[in-house]
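What follows is one structure encoded as structure tokens, with my remarks underneath.
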Amino acid sequence: MAELVAGLVVDALISAAVEQLFERLASVHVIDFIRRKKVDQNFLEDLKRMLTSANRVMDDAEKKMITNPDVREWLLKLQDEIHNAEDLVDEINTEALQRELEGTSRLKVRNLFSSRFSVKNVEYRLKKITESLKDVVNEIYELGLKEGVETSRPSRSSAQTTYMVRESDICGSDADKEEIIKFLLSEEEGRQQISVMPIVGMAGIGKTTLTQLAYNKIKGNEVAVEKPFDILAWITVSDESDVSTLTKSIYGEVNGKEDCTDLEPFKLQEKLRKVLEGKRFFFVLDDVWNIDYRIWNELSKPFECAAHGSKIIITTRSTQIASVFSTVPKPHVLQLLGDEDCWKLFSKHAFNNEETTSHPNYLEEIDPKEWQNVLESDFWELPQKDGDILPALWLSYYYLPRHLKRCFAYCSIFPKDYEIKKEKLILLWMAEDLLQSRNSMMLEEIGEKYFEDLTSRSFFQVGGNGKTFTMHDLVNDLAKFVSGETCLRFDGSYSEDFKWKNFTRMTRHFSWTKQMITPDIIKKFGDLSNSRFIFEDYFPKKFSKSVASLKLLRFLDLSSTGIEEIPDTIFRLYNLQTLLLRECRKLAKLPDSIGNLKHLRYLDLSSTEIEEIPDTIGALHNLQKLLLSSCESLATVPDSIGDLKNLRHLDLSRTSIEKIPDTLCNLQELRVLDIKGLRLREMLPHISKLKLLHTLTGFVMGKNSGSKIEEFGTLQDLGDYIEIQILDNEIDGEDVSKANLKDRKCIRELCLSWEGVNDDSDNKAREVLDRLQPHTNIEKLYIINYGVRSFPDWVGHHSFCRIESVSLDVLTNCHQLPPLGQLPSLKSLEIRGLDKLEKIGDEFYSSGSSSSSSGVGVTETPPPFKSLEILEFRGMPQWEEWSWVGGAFSNLKELQPIDCPKLNGACLPECLPSLTELRISSTSPDVVASLARCEYPSLRSLRIYGCPRQWNLGMLTSLTYLTIEDADAEKLVSFPEEERQLPSFLTFLSLRSFKNLKSLNEMAFRHLTSLQSLWIFPAHSSMLARRWDACISHSSIPM
């Protein structure tokens, strides 16, 4: 099975590469170059002919390599020559770019490197590649490969065989079982005749098992159904999911007696319709792969005559397929098992359904070195057998379109559990030319589509913030498997001996972590002259000579290393496309020789000590992304940055740059300009030239700010995040309106900040803020250093129904908050630095007007802050009163009053039913004391910092986590002072800065029967340690 999969993978990757190489060979740049250099065009034609010949027999090679290792070797040779051809085309395209710029004012810089940039020995290299390909093609006849052979898809019988399931076989997933049964028992609402519930999840997660359990319960009458189903059928969907095949399968399950092999599809559908007419049915379509809307629309026609309340459950790995079927609000997505359920599953099989306590001798502590030996064992690299999880995952890969296969295989460079941002991955794909251009779509948009497609097929697991993703370990193994010999990654998963067996001259992507670096690796490093990817975390100086031998290296990551200067050998890696130096804290200089890296497309210097960018940066004509974020020592960038013709993403955020070169306006391909946190005094004078710009994180407005506001107004494609800095309030209100924020539907995050001391007694800042009203599509709003007492009407208006986050920061003159309670989607609210605010009243919850109305009358106003989950007040020295409106904050989960010394404790909301976390810091003593009267039934975590001693917390019966720090406890020698002061269900207790604490109250601690961890800082007394042992026998007490 492993050989089968490996061969099919190689074939799929080659086919995709050949298609893209054909496109590039036909480009104007390549044709013009061949003519100009007077290269014998016969070599180019021979190259195309050889590739075409090889591509024609690819299907037959896919079939025969299963049993013939020589065919497998032939495919690997072909792949290697395709890589060589790609390298040559890259060099030709780079020289073509250089020639386009020869007439500009930067000629001197280019002449310095022109000899290094010209493509050497083109005809010889083209001849050599063609001759090698001829040898490969000649082997076609020796191997007996034929054109036009159709290759059948691999059988999925082992992957889709369904066996009897027992409920005791399932660990966890109780909520999933309940949800499926609830769906089957639910009565239909409205006109919905047939309800369809998709169950979605990665391979092997239990979709079929859970569905079969529910199916058996219904079939065996184990669940009371008010209206029993007349017909039940389980259909395992075939690979070729056409209407005729599926209809036969369903009809065969429903009426198995009749032979319908020769029936026309429409006659078969009519027969099925008659069987289902007026009947209430329950169907399961298991393991659906490739049914689209057209197929489903035709397939479901016979169902229309069935009785109301009919149900269909489908299982699939694809969210896109689920969306075609689903009639429920959301498809049911299965999640991974938690640690506790994983342990139950393990112990069930390890101890044969008996309690672990029945086998005390089976459990023993194992030396960590032994675990390490197991982890690094070669066993994990043995070929998978039929029916194992890897073949099941392989099927998911097999059904991917060719362009997605290459992108997924590229992800083998990432170690297991590695989190990466979606945007970064897309740009890395771009640097490898893995994104195929389509009509007018931008490459970034194509990359987004690729990412969504892979995510919908469960290859990626998106993080909670939606911006990072990981791959499940098994999926990561699959990526490593499909990349084959072209990628070798050291991340601790192999023993060293095994790893070195896998080195071949075809290794083109090579990565490692510093834990795996040994003298033997250093010695053997020099032999890898074809490697294209290396280093994740470490770069000792002794490697610099070895690196020079990696002539085809394309990806080099030296991030977070201690290098003080970049070795000269790096700048002789002329094929390098990606260079990552992020967080090299000692790196202060970027040499002029950076201009040698003519193929460089991605350069990351973020968070280094770089002080200057050399003029030669302008020679990097292929550069697409330049990241200089958080280079705090960097004060300028050179004018030559305007020569980076292909630059699409420039990040200058949080540097010391005060002026951006005017030449930046020459970057016609620029999409992203990140200047967040810069102290600019003026803007680019002709920023409107950047027609493709869709992300501009900063714009300066002021009387003498350079660029006119109408220039900003012409950038119609701006979206995502924008920060507008108002240098002064002398700008004319009519001019501010030209920014036209109100019509910009694509802006999601808006930050409006004022510079300097902003004591605006004549309300000019209010007028500016009023005219900067954004479109109602905005999701996040930040207002900083706004110096007026009140806000314009749009702030907090209910029409901003998509706002999820608001931050009001450093509003020194503010006396009244806007009616933010009216925002229906608001989830997070931060209010900070309001020096003069004394009271939060009813105006905070509503403006007093109805949120909506109709011709009949006024609708009921929803409760204020109905969606709010996080609320923070910080740095409000005069705040005393907080009016509370009944029904408000019904969904609040986190509350943080911080540095509010005058806040009256009686003002805390009396009932917060969803509150799980409360942090109180530097407030008056009665704030903590007031908790005794509050109803917080869901409160789990309480953190008290810098508050005078008022710790009667026994009534907080749901509390499990408590931290008390920097309290007024000078005279406290024993804790707690009285019994029942602490909740009895605490599992974690931390006491910090109790300087005179000498003992624990033994009687009080006897009530803490659930305590697991106790932290005390500092702990001076030896008597205290003895008290821990005496009164908390079941606790873990780390020092």
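The values are calculated or read from the model by the stated rules, or taken from the named source; none is laboratory data. Note that the coordinates shown come from a computational prediction; the quantities given were computed from them, not determined experimentally. Neighbour counts run over all protein chains shown; Cβ positions are idealised from the backbone, glycine included. Please note that ligands, DNA and RNA were not included when accessible areas were found on the heavy atoms of the full protein model with its side chains. Shrake-Rupley method; radii C 1.70, N 1.55, O 1.52, S 1.80 Å.
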Between Ser300, Ser310, Ser326, Ser241, which is modelled with pLDDT under 80 and either under 16 Å from Ile180 (Cα atoms) or polar (S, T, N, Q) (or both)? Ser241
Among the residues of segment 337-348, is any modelled with pLDDT under 85, acidic (Asp, Glu) and surrounded by 14 or more Cβ atoms within 10 Å (Cβ to Cβ)? yes
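For (1) farther than 16 Å from Phe459 by Cβ; (2) open to solvent by 50 Å² or more (accessible area, probe 1.4 Å); (3) outside any loop (DSSP other than H, G, I, E, B); (4) in contact with a Ser or Thr (Cβ under 9 Å, 6 or more places away or on another chain), each residue gets a yes or a no:
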{"residue": "Tyr410", "(1), (2), (3), (4)": "no, no, yes, yes"}
{"residue": "Lys416", "(1), (2), (3), (4)": "no, yes, no, yes"}
{"residue": "Glu423", "(1), (2), (3), (4)": "yes, yes, yes, no"}
{"residue": "Asp433", "(1), (2), (3), (4)": "yes, no, no, no"}
{"residue": "Ser437", "(1), (2), (3), (4)": "yes, yes, no, no"}
Does any residue of segment 623-643 turn out to be in contact (Cβ under 8 Å) with a residue 24 or more places away in the chain, outside any helix (DSSP H, G or I), of a type in the set (Val, Ile, Thr) and under 25 Å from Tyr782 (Cα atoms)? no
When you scan segment 717-805 for strands (runs of 3 or more DSSP E) that lie fully inside it, which ones turn up with 2 or more residues that are in contact (Cβ under 8 Å) with a residue 12 or more places away in the chain, open to solvent by less than 50 Å² (accessible area, probe 1.4 Å) and in contact with a Phe, Trp or Tyr (Cβ under 6 Å, 6 or more places away or on another chain)? 720-726, 747-754
Give, as residue ranges, the strands (runs of 3 or more DSSP E) completely inside segment 917-1011 that count at least 1 residues that are more than 30 Å from Gly887 (Cα to Cα) and either β-branched (Val, Ile, Thr) or open to solvent by less than 60 Å² (accessible area, probe 1.4 Å) (or both). 961-965, 988-992
So which residues in segment 439-465 are open to solvent by 60 Å² or more (accessible area, probe 1.4 Å), closer than 19 Å to Glu669 by Cα and assigned to a loop (DSSP other than H, G, I, E, B), if there are any at all? Asn439, Ser440, Met441
Return the residue satisfying two criteria in turn: it lies in segment 612-622 and is of a type in the set (A, V, I, L, M, F, W, C) and free of Cβ contacts under 8 Å to residues at least 40 places away in the same chain, and of such residues it is farthest from Arg681 (Cα to Cα). Leu620
Looking at segment 265-283 only, could you name the residues that are outside any helix (DSSP H, G or I) and either closer than 17 Å to Pro228 by Cβ or among the polar types (S, T, N, Q) (or both)? Gly278, Lys279, Arg280, Phe281, Phe282, Phe283
Residue check for Lys127: at pLDDT below 75, assigned to a helix (DSSP H, G or I) and either out of contact with any Cys (no Cβ under 6 Å at 6 or more places or on another chain) or surrounded by 15 or more Cβ atoms within 10 Å (Cβ to Cβ) (or both): no
What number goes with the only condition from (1) modelled with pLDDT of 85 or more; (2) more than 26 Å from Val810 (Cα to Cα) that Thr714 does not pass? (1)
Looking at (1) under 14 Å from Ile870 (Cβ atoms); (2) part of a loop (DSSP other than H, G, I, E, B), find the lone condition where Pro897 falls short. (2)
Could you check how many residues of segment 41-63 are open to solvent by 60 Å² or more (accessible area, probe 1.4 Å) and either over 40 Å from the mean Cα position of the chain (by Cα) or modelled with pLDDT under 75 (or both)? 6
